[in-house]
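K.L.:
Take this structure, written in structure tokens, and hold onto it; I'll ask about it next.
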Amino acid sequence: MAGGDIEKEAYEDIEEGVMVNSGFLNGLPVKEAQQKITEWLEEKGIGRAKVNYKLRDWVFSRQRYWGEPIPLVDCEKCGWVPIPESELPLMLPEVESYEPTDTGESPLANIEEWVNTTCPKCGCPAKRETDTMPQWAGSSWYFLRYTDPHNNDALASKENLDYWMPVDWYNGGMEHTTLHLLYSRFWHKFLYDIGVVNTPEPYKKRTSHGMILGENNEKMSKSRGNVINPDDIVREFGADTLRMYEMFIGDFERSVPWSMNGVRGCRRFLDRVWRLQDIMVDDENISPEMETNIHKTIKKVSEDYENLKYNTAIAAMMSLVNEFYAANRVTKGELKTLLILLNPVAPHITEELWTIIDKDSRLIHQTWPEWDENKIVEETVEIAVQFNGRVRGKLVLPADASEEEAREAALNDEKLKGYWEGKKIVKVIYVPGRILNIVVK
Ligand SMILES: [Zn+2]
């Protein structure tokens with residue numbers, strides 16, 4: 001490809017590169033060249049396009065009791081015969097013991113009265129299959145049954161499937177992304193082809209959360225001794241702290257290690273929220289000084305929740321609480337807004353605090369606050385920029401910009417470069433909202 005030293009290697013950029021020394025492919029980017037090669041092979045009749053799925057063989061039998069029995073019998077005369085549909089579902093026999101056998105066979109193989117049966121086709125003696133289906137089997141379609149759990153005539157009624165399917169949003173562990181996702185889609189597509197379900201795909205949206213690791217950054221396991229028991233955390237720090245910490249621990253999709261310091265930090269934050277009642281003033285309004293902060297936080301938290309960015313939503317609420325303490329004052333209206341925003345993360349403490357500051361209503365009955373885009377925009381001012389007392393340009397700055405910020409903005413402005421580059425800045429005079437004068441030599 002272009003630019004490469006072919007003495008060293010035959011190609012370099014296999015994603016974005018452009019073909020050279022390749023006959024009719026010269027000048028084409030990789031993607032287009034691949035298309036063109038395929039067409040060329042097909043035209044010549046020496047190849048054809050084919051999609052390869054990364055499907056692995058699925059060993060669909062287990063030698064254990066707990067699993068769906070496989071509805072097949074082995075007849076002496078007919079070989080393997082399926083059980084007629086009228087006899088489905090085939091149920092597991094009730095047993096005293098479902099321990100594994102000494103022979104490695106399924107525990108069901110020991111239950112002779114269940115194993116020995118007759119062939120549905122010819123009536124001769126036959127034996128049931130004693131292996132059971134793997135857990136993947138049930139997990140591939142269980143959610144379909146949720147749409148109609150008491151239906152004894154069908155997997156689910158058409159009306160219920162029409163109403164509920166496809167699943168709006170399916171979330172699972174990262175470790176299930178490949179296999180469970182593949183299997184459940186495979187089953188669903190089969191069921192769709194035979195007309196049992198009404199949608200070609202089972203889910204509209206699929207997400208996976210990262211794994212929470214032990215404090216030593218390894219997968220939690222008994223043998224490693226790094227398991228955190230949530231009950232212990234709830235006992236020591238409360239359920240809200242546990243819930244909040246799990247939301248705050250890191251990016252939704254990433255695996256992150258547990259941290260007891262992080263847990264303590266969340267508890268401290270909730271304590272700070274609790275104590276806001278001490279600096280609350282009885283005013284249902286948002287104060288003008290807090291308006292921008294409040295609206296920014298409503299927007300940030302609302303959008304972050306929708307995008308599973310719980311950690312940054314919580315960080316925004318933490319900084320709002322810092323602002324309240326810095327002002328040493330929070331209005332009842334501001335505190336109520338915070339409590340609603342925080343409620344999904346810490347439902348108990350927020351509801352309790354709500355009833356303390358407003359005993360006639362419940363937080364749970366409130367509507368989600370809305371933000372006003374106009375109140376988020378910080379006030380800006382246009383100032384004149386002078387060099388050695390002569391106006392050379394203008395800058396738009398936040399109304400409360402510091403001298404440092406104004407100076408930075410001026411020195412980063414391309415149009416003003418000529419007035420100071422190569423010179424020494426000896427003095428800066430800044431009149432907020434009016435003028436920035438830079439004296440150079
Ligand atoms: Zn038979």
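K.L.:
Select from segment 76-103 the residues that are assigned to a loop (DSSP other than H, G, I, E, B) and within 13 Å of the ligand (Cβ to nearest atom) and list them in ascending order.
P.N.:
Initially, segment 76-103 is screened for residues assigned to a loop (DSSP other than H, G, I, E, B), giving 76-78, 83-84, 88-103.
Correct list: E76, K77, C78, I83, P84.
K.L.:
Can I ask one more? Out of segment 135-172, which residues are of a type in the set (A, V, I, L, M), surrounded by fewer than 17 Cβ atoms within 10 Å (Cβ to Cβ) and at pLDDT 90 or above?
P.N.:
We begin by selecting, within segment 135-172, every residue of a type in the set (A, V, I, L, M); these are 137, 144, 154-156, 161, 165, 167.
Filter once more, so that each one left must be surrounded by fewer than 17 Cβ atoms within 10 Å (Cβ to Cβ): 154-155.
Result: L155, single match.
K.L.:
Okay, next question. Which pairs turn up if I take residues in segment 383-403 that are assigned by TED's automatic domain parsing to the domain that holds W420 and look for partners that are among the aromatic types (F, W, Y) with beta carbon separation below 8 Å, at least 6 apart in sequence or on another chain?
P.N.:
F387/Y419; F387/W420; R392/Y419; E403/Y430
K.L.:
Test S61 against the criterion of being polar (S, T, N, Q) and assigned by TED's automatic domain parsing to the domain that holds W114, and give yes or no.
P.N.:
Taking the combined requirement at face value, the residue does not satisfy it.
K.L.:
If you don't mind, another one. Checking P369 against (1) in a helix (DSSP H, G or I); (2) in the same structural domain as N293 (by TED's automatic domain parsing); (3) not acidic (D, E), only one condition comes out false. Which one?
P.N.:
Single failed check for P369: (1).
K.L.:
What do you reckon, is A109 within 16 Å of the ligand (Cβ to nearest atom) and either part of a loop (DSSP other than H, G, I, E, B) or more than 43 Å from the chain's Cα centre (by Cα) (or both)? Spell out how you get there, then give the answer.
P.N.:
Values: within 16 Å of the ligand (Cβ to nearest atom): no; either part of a loop (DSSP other than H, G, I, E, B) or more than 43 Å from the chain's Cα centre (by Cα) (or both): yes.
Against the criterion (within 16 Å of the ligand (Cβ to nearest atom) and either part of a loop (DSSP other than H, G, I, E, B) or more than 43 Å from the chain's Cα centre (by Cα) (or both)), A109 does not qualify.
K.L.:
Confirm whether V256 is modelled with pLDDT under 95, not acidic (D, E) and not assigned by TED's automatic domain parsing to the domain that holds G173. It would help to see each step written out before you state the result.
P.N.:
Details: modelled with pLDDT under 95: yes; not acidic (D, E): yes; not assigned by TED's automatic domain parsing to the domain that holds G173: yes.
Taking the combined requirement at face value, the residue satisfies it.
K.L.:
Kindly indicate the residue of segment 238-275 that is more than 13 Å from N311 (Cβ to Cβ) and in contact with a Lys or Arg (Cβ under 8 Å, 6 or more places away or on another chain) and also surrounded by the most Cβ atoms within 10 Å (Cβ to Cβ) among those meeting that condition.
P.N.:
By that ranking, first place goes to T241.
K.L.:
Return a yes/no flag: does segment 57-72 have any residue that is without any contact (Cβ under 8 Å) to a residue 12 or more places away in the chain, over 43 Å from the mean Cα position of the chain (by Cα) and away from the ligand (no atom under 16 Å from the Cβ).
P.N.:
no
K.L.:
So, H150, is that one part of a helix (DSSP H, G or I) and within 20 Å of E68 (Cα to Cα) or not?
P.N.:
No.
K.L.:
T297 is checked against (1) part of a helix (DSSP H, G or I); (2) of a type in the set (V, I, T); (3) within 18 Å of D271 (Cβ to Cβ) and fails just one. What number does that condition carry?
P.N.:
In the conditions (1) part of a helix (DSSP H, G or I); (2) of a type in the set (V, I, T); (3) within 18 Å of D271 (Cβ to Cβ), T297 misses (3) alone.
K.L.:
In segment 187-223, which residues are closer than 20 Å to A137 by Cβ, of a type in the set (S, T, Y) and more than 24 Å from the chain's Cα centre (by Cα)?
P.N.:
Matches in segment 187-223: Y192 only.
K.L.:
Another question, if that's okay. State whether one or more residues within segment 17-30 are part of a loop (DSSP other than H, G, I, E, B), under 30 Å from G138 (Cα atoms), out of contact with any Pro (no Cβ under 8 Å at 6 or more places or on another chain) and not charged (D, E, K, R).
P.N.:
no
K.L.:
Of the numbered conditions (1) free of Cβ contacts under 8 Å to residues at least 24 places away in the same chain; (2) not in a loop (DSSP other than H, G, I, E, B), K222 satisfies every one except a single condition; which is it?
P.N.:
Every condition holds for K222 apart from (2).
K.L.:
From the list E32, E76, E42, exactly one residue is within 19 Å of T130 (Cα to Cα) and either surrounded by 10 or more Cβ atoms within 10 Å (Cβ to Cβ) or not assigned by TED's automatic domain parsing to the domain that holds I14 (or both). Which is it?
P.N.:
E76
Residues are listed down the side, and each one gets a yes or a no for (1) free of Cβ contacts under 8 Å to residues at least 24 places away in the same chain; (2) among the charged types (D, E, K, R); (3) in contact with a helix residue (DSSP H, G or I) (Cβ under 8 Å, 6 or more places away or on another chain):
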site	(1), (2), (3)
D153	yes, yes, no
Y163	yes, no, no
G172	no, no, yes
T178	yes, no, no
K189	yes, yes, no
V197	no, no, yes
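K.L.:
Kindly establish whether I356 is assigned to a helix (DSSP H, G or I), in contact (Cβ under 8 Å) with a residue 60 or more places away in the chain and more than 30 Å from R434 (Cα to Cα).
P.N.:
So I356 fits the description; yes.
The values are calculated or read from the model by the stated rules, or taken from the named source; none is laboratory data. Keep in mind it's a predicted model, so treat the numbers as computed, not measured. Heads up, the Cβs are rebuilt from the backbone with ideal geometry, glycines too, and the neighbour counts pull from every protein chain shown.
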